[in-house]
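Heads up, the thing below is written out as structure tokens.
The values are calculated or read from the model by the stated rules, or taken from the named source; none is laboratory data. Quantities reported herein were computed from a predicted structural model and do not represent experimental measurements. Here Cβ is always computed from backbone atoms with ideal geometry, including for glycine, and neighbour counts include all displayed protein chains.
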DNA sequence: GTCTATAGGCTGATAGAC
DNA sequence: GTCTATCAGCCTATAGAC
């Protein structure tokens, strides 16, 4: 929990620590600092200070600031993709899969609260890091399969799996990535009313998704009536 | 459309232009560059070059890079808030209000395609610019009133207006803010399949929202059954 | 209002001692 | 592997000529 330290000054001497502890401390520092501030907003010195490690070790162990950033980024994306794999369990039907989808997202944000921020920041950046593209595609594939399975089982109406994906992931990412900003703004007195809790939002979104995906015609006519079948 | 130029070199001399043209050119440059790259990712020289203007004029007219950024930010937020005000028209019922809500968002992204990116970047930043907080609250208030009106008119079931707001705005912002990244990744061959169009997504989200808000019990039982009425 | 020139700070990276 | 010292580059901001 506390600040990881790979080497420390004690009295007058310098104690050396495990090099793997150094790497780990730097990765932890990156995981904490990069989501705030973004890549440009964090200096090597910031990272070294938080890790309790010498500046030069960033270049030594990761080949530079970018290397440290990418290493953390990839591990986070891989972890998210891995968690979502539980959605495709053996005997789980589509509705249960959807529940697991939300559970996986909740679990991720519980253990890595600023993953959504990191995620979003990377998507907003000029060029997505090639190393994480496979994980990204894997994440998309999960919701895609979920939508298709629901359709096959008759649990969901037919929707474009990609639209389904963006509606779900977009709302979740936005909410969780901006959660910190809300809390800060709330404490600074900029927001004069209570904000929803993450649990409430996840529950709401799950409810809306189930209702929105329920088979059958829309309870309200759309503007233009179409023929019998599309 | 082309690069705005407030002053230009012709042959050997230097022609002076309207100072308001200078300001305008710089604001346009900021509106284009800040969404990409973010505040840290854009240098004063980048801005001046794109505006066809001298570096020093940024400080002269806006008191520094931050001043130019905030000026553009505030005008964008104000414009979005203004567009959303149409949702609260005189004789519009809730369902029509929701339609206008999506229309306003679509219109905004048509004329200022990278507003969602700017918006999201600001929400992710360490501290939200105080100057835009009022506009932010106004935007929240629109969806809040929309949800409450729908409830009052019997068109929507009862939902927490703030959850409604985040579900809607979150999904829209995410999709549009990452649209550029998708196109880039697609062209770079990182994505091997077609991506949904903005129109398709907006239509999908509107449909899902109407279905999700339709009065009546959820077509699927939730895990815990509650009493007859809440 | 606009431009040139420059000050001054900070950053990422590395050479070389230990 | 770790640390100190240092360098070259870029950045924002401003003083002063026009």
remark   = Here the residues within segment A:120-136 that are facing chain B (nearest Cβ under 9 Å), over 19 Å from residue A:171 (Cα atoms) and in a helix (DSSP H, G or I) are A:130, A:133
message = So residue A:114 ticks every box in (1) surrounded by 22 or more Cβ atoms within 10 Å (Cβ to Cβ); (2) touching a residue at least 40 places away in the same chain (Cβ under 8 Å) but one. Which box is left unticked?
response = (1)
task = Identify, by number, the condition in (1) assigned to a helix (DSSP H, G or I); (2) within 15 Å of the chain's Cα centre (by Cα); (3) more than 7 Å from chain A (Cβ to nearest Cβ) that residue B:173 doesn't meet.
result = (3)
query = Within segment A:47-79, which residues are near DNA strand C (Cβ under 10 Å from one of its atoms) and surrounded by fewer than 16 Cβ atoms within 10 Å (Cβ to Cβ)?
reply = A:54, A:55, A:56, A:59, A:60, A:63, A:64, A:66, A:67
key: segment B:12-58, residues that are near DNA strand D (Cβ under 10 Å from one of its atoms), free of Cβ contacts under 8 Å to residues at least 12 places away in the same chain and part of a helix (DSSP H, G or I)   = B:40, B:41, B:45, B:56
Residue within segment A:214-230 that is more than 27 Å from residue B:155 (Cβ to Cβ), more than 8 Å from chain B (Cβ to nearest Cβ) and at pLDDT 95 or above present = no
request  = May I ask you to verify whether residue A:43 is within 14 Å of chain B (Cβ to nearest Cβ), farther than 22 Å from residue A:103 by Cβ, within 14 Å of DNA strand C (Cβ to nearest atom) and exposed (fewer than 15 other Cβ atoms within 10 Å of the Cβ)?
outcome  = yes
query = Does residue B:37 count as more than 14 Å from DNA strand C (Cβ to nearest atom), modelled with pLDDT of 95 or more and over 16 Å from the mean Cα position of the chain (by Cα)?
reply = yes
ask   = What do you reckon, is residue A:83 crowded, with 18+ Cβ neighbours inside 10 Å, away from DNA strand D (no atom under 15 Å from the Cβ) and farther than 30 Å from residue B:115 by Cα?
value = yes
